[in-house]
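Right, one structure below, let's go through it.
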Amino acid sequence: MLVFVPLTASRLTGWAVGGPIVPRQAFAVTSSLRQAFGFTADDEEDAEHTVLHIAGLAGLLYGRKRLVAVVEASARPVPGSEFGEVTVGELPWTAVTALFSDDAADAAAVLRKRLSGRSLATAWDEQEVADFLTEHELLWHGPGEWSTLVGPLDGDDAGAPVALDHERASDSATGFESTWVTASLDVRSTADGGLKRTWFETPAQSFLFLIGDVELGAYIYTDDQVPLNPGDSGRAVALQFWAPAARELATPGRPFTLIYGDREIGRGTIGGPTEPARI
């Protein structure tokens, strides 16, 4: 199953370069969470998106920032946990399928100060939190991008180092200028494993792209503002990559695979550079 693990930057660094960890806290789509939030078997994408936000909020409350790893692992639900808390054993770095980081580190820091001392359950019910989660998505990164999420180090909640973004670019949580390109995109039908709804209605705003053997996160914008639908073919889109590696990888004519969670949902080809004003 997919397990969402809140992290500090020091914990992420130790995991990526130092070997397996046993998470202090982890979340997943459990039967208790489905019941508490009213999710059905057809709502798996929404349920996973909710768990991602829960893990991000837990990281903000207890680790100073929204930084979440998604792993494929066996997990045991914590009985009665409405937030999908689970216990897992030792996790190797190779189990990580994606990383998520904040798209608005400064706003998240302000919110964290206001929520000081609150529990996860209390904070989740705050209207200010609901508004923040609606306005600020978590950005999707490939596991190989972990080092771009770790900046200058300072003390975290346990006295270990944590990243502080002192010179973050206005359009990127990683501190790098975004790379914008055009692309042609074919998306799988729902019956073939694609998304279950039109693009603008899906809870995710960022997606994972496999270019060669490197995974990069990016936003997708349709050229004509008309939503993508499962099964669409040859759609013209603009892609916003925030990892610096995209400058060398997202080049004209380069094919890519589009990933959501643990499955392929589409394929496409990079066109050429474009301007942010396109969106």
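Counted over the chain with a bin width of 10 Å, the fraction of Cα pairs per bin, in whole percents, is 7, 29, 37, 23, 5, 0. When the chain is described by a simple charge dipole with +1 on each Lys and Arg Cβ and -1 on each Asp and Glu Cβ, the residue from Ser32, Phe132, Val71 located farthest towards its positive end is Val71. Computed across the range 188-279, the Kirkwood radius stands at 13.6 Å (inverse of mean 1/r, all Cα pairs).
You can think of it this way: the chain between Arg247 and Glu264 has 3.8 nm of extra reach, that is 0.36 nm per residue less the Cα-Cα gap. Counting only DSSP H runs of at least 4 residues, each contributing -39500 (n - 2.57), and dividing by the residue count of the chain, the helix-based mean residue ellipticity at 222 nm comes to -6500 deg cm²/dmol. The 1.4 Å probe gives accessible areas that order Phe207, Phe83, largest first, as Phe83, Phe207. With the Kirkwood sum run over all distinct C-alpha pairs, the range 1-40 has a hydrodynamic radius of 11.9 Å. Accessible surface of Trp199, taken over heavy atoms with a 1.4 Å probe and every protein chain present, rounds to 20 Å².
Rolling a 1.4 Å probe over the protein chains gives Thr8 an accessible area of about 10 Å². The accessible area of Ile220, taken with all protein chains in place and a 1.4 Å probe, comes to roughly 20 Å². Charge dipole (Cα centre; +1 on Lys/Arg Cβ, -1 on Asp/Glu Cβ; no other charges) of the range 220-276 amounts to roughly 160 debye. For the range 75-132, the alpha carbon positions stretch 33, 28, 18 Å along the principal axes, listed from largest to smallest. Taking Cα centroids, how far is the range 202-279 from the range 44-75 in Å? A separation of 23 Å, based on Cα centres.
Only four residue types carry charge here, +1 at the Cβ of Lys and Arg and -1 at the Cβ of Asp and Glu. Report the dipole size of the range 1-106 about the Cα centre in Debye, rounded to the nearest 20.
I would put it at about 580 debye.
Hey, what's the chain come to in accessible area per residue, 1.4 Å probe, Å²?
44
Computed from label points 7 Å out along Cα-Cβ, the spacing between Glu275 and Ala130 is 4.0 nm.
The values are calculated or read from the model by the stated rules, or taken from the named source; none is laboratory data. Remember, predicted model here, so these are calculated numbers, not experimental data. Ideal geometry is used to build each Cβ from the backbone, glycine not excepted, and the neighbour counts take in all protein chains shown. Surface areas here come from the heavy atoms of the whole protein model, side chains and all, with no ligands, DNA or RNA. Shrake-Rupley method; radii C 1.70, N 1.55, O 1.52, S 1.80 Å.
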